[in-house]
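Data first, discussion second: the structure below is written as structure tokens.
The values are calculated or read from the model by the stated rules, or taken from the named source; none is laboratory data. These numbers were taken from a predicted model, which means no experiment stands behind them. Here the Cβ is made from the backbone with ideal geometry for all residues, glycine too, and neighbour counts use every protein chain on show. Areas reflect the complete protein model, heavy atoms only, side chains present, ligands, DNA and RNA absent. Shrake-Rupley method; radii C 1.70, N 1.55, O 1.52, S 1.80 Å.
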Amino acid sequence: MALFDLPLDELREYRSASTAPADFDTFWSKTLDEARSYDLDARFEFVDTGLSTVKVYDVTFAGFGGHSVKGWFTIPAEVSAPIPVIVEFIGYGGGRGLPHEHLLWASTGRAHFVMDTRGQGSAWGGGGGTPDPVGGGPAYPGFMTRGIDAPENYYFRRVFTDGVRAVEAARSHPLADPARTVVLGASQGGGISIAVGGLVPGLAAVAPDVPFLCDYPRAAKVTDRPPYREIGLYLKTHRGHTEDVMRTLSYFDGVHFAERAQAPALFSAALEDQTCPPSTVFAAFHAWAHDEKAIEVYEFNDHEGGGPYQDAARMRWLRSFA
């Protein structure tokens, strides 16, 4: 697929027309207060994986609604003092998989916490193990329209809350340095990292890679590739509900979390990306409130983005922060 979105010079000027609801901050403050009324109950159980250079812990913590959420916590084998911790979120449809799928960040001398995404983990990778016990109204297959009838019911309210609690769980481990906590992820994981970056104070850095869940009003119209297309297909059946759906999505738009960000950020965008169109990524990047921010651009790539080249860019960039 050749370029289909705005050219790069226009992307560098593009700003989203999306506006945050007047009660955006109140909504999220109340949501997180409700989640914190449950004991975090973060449990780290050592797992004998056969890996010799790292130690792996099977993690369970209380996320949204006190529901159990799983994760892996991996640290270099010889660590005895607190070290920086990377909290990673997973792409759409994937789960935490198996421990040996996540060795990069522990290999850099940091702790690594990967969060399972509730209800997902059956589309690719090594699978997931976190159910989503909350029901919802009629939805198009996938996760984008689950509970879309109201912000209080929307699926990503639960996921973003889980993400905040995952940071709290990772920081609770005695070998994690809370002051040097980084959140990152690709695609859906990038979108979750942007949300967490806008909700959690005191992060050292945020690194969203080709992030999803940004600038919904444009995303829903500029691409016909899933997952954004799930929104249009839902509205194709539920005629006349566009305004209500966009109102719900406005509480979960990465642009509005970016406007509240308090940490340095490294984004990436791919100019042939039809899954997460580059204009939607640049919308969140331009909205990012912290002055120290950068974006890597891959001109001839689709949703794979920079792949291992972006991994290398993040490793270099993070040396300054954690």
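Just a few scattered comments:
- Accessible surface, 1.4 Å probe, highest first, among residues Asp224, Asp302: Asp224, Asp302
- Rounded to the nearest 20 debye, the dipole magnitude of segment 1-152 is 280 debye, with +1 charges on Lys and Arg beta carbons, -1 on Asp and Glu beta carbons, and the Cα centre as origin.
- Label-reachable residues, segment 124-167, where backbone N falls under 14 Å from a point 7 Å from Thr49's Cα toward its Cβ: 126-127
- With a Förster radius of 25 Å applied to the beta-carbon distance between Arg319 and Ser172, the computed FRET efficiency rounds to 0.50.
- A Förster radius of 25 Å combined with the Cβ-Cβ distance from Arg36 to Glu152 puts the calculated FRET efficiency at roughly 0.90.
- For segment 1-136, the solvent-accessible area with a 1.4 angstrom probe is 48 square angstrom per residue.
- Here's the list of aspartates and glutamates a cross-link from Lys293 could span, going by alpha-carbon distance under 20 Å and ignoring same-chain residues fewer than 8 apart: Asp9, Glu10, Glu13, Glu88, Asp209, Asp215, Asp253, Glu259, Asp311.
- Solvent exposure of segment 140-205, expressed per residue, is 23 Å² of accessible area, with all protein chains present and a 1.4 angstrom probe.
- The relative contact order of the chain comes to 18 percent, based on Cα pairs under 8 Å that sit 6 or more residues apart.
- Carbon and sulfur %, accessible surface of the chain computed with the full protein complex present, 1.4 Å: 50
- Per-residue accessible area (protein heavy atoms, 1.4 Å probe) orders Trp124, Trp288 as Trp124, Trp288, starting from the largest.
- Accessible area expressed per residue, segment 222-265, with surrounding protein chains retained (probe 1.4 Å, Å²): 45
- Two-site label geometry, Ala312 and Trp124: point separation in nm, points 7 Å out along Cα→Cβ: 2.2
- Helical content alone sets the calculated 222 nm signal of the chain at -9000 deg cm²/dmol, taking -39,500 (n - 2.57) per DSSP H segment of four or more residues and averaging over every residue.
- Restricted to Cα atoms, segment 68-185 shows a radius of gyration and a Dmax of 15.4, 50 angstrom.
- Positive-end ranking of Gly185, Thr248, Pro208 along the dipole of segment 162-248, with charges on Cβ about the Cα centre, is headed by Thr248.
- Dipole magnitude for segment 158-262: computed about the Cα centre from +1 point charges on Lys and Arg Cβ and -1 point charges on Asp and Glu Cβ, it is near 180 debye.
- Between the beta carbons of Thr26 and Ala179, assuming R0 = 25 Å, the FRET efficiency works out to 0.30 to the nearest 0.05.
- q = 0.14, 0.19 Å⁻¹, segment 14-134: log10 I(q)/I(0) [Debye, one scatterer per Cα]: -0.71, -1.06
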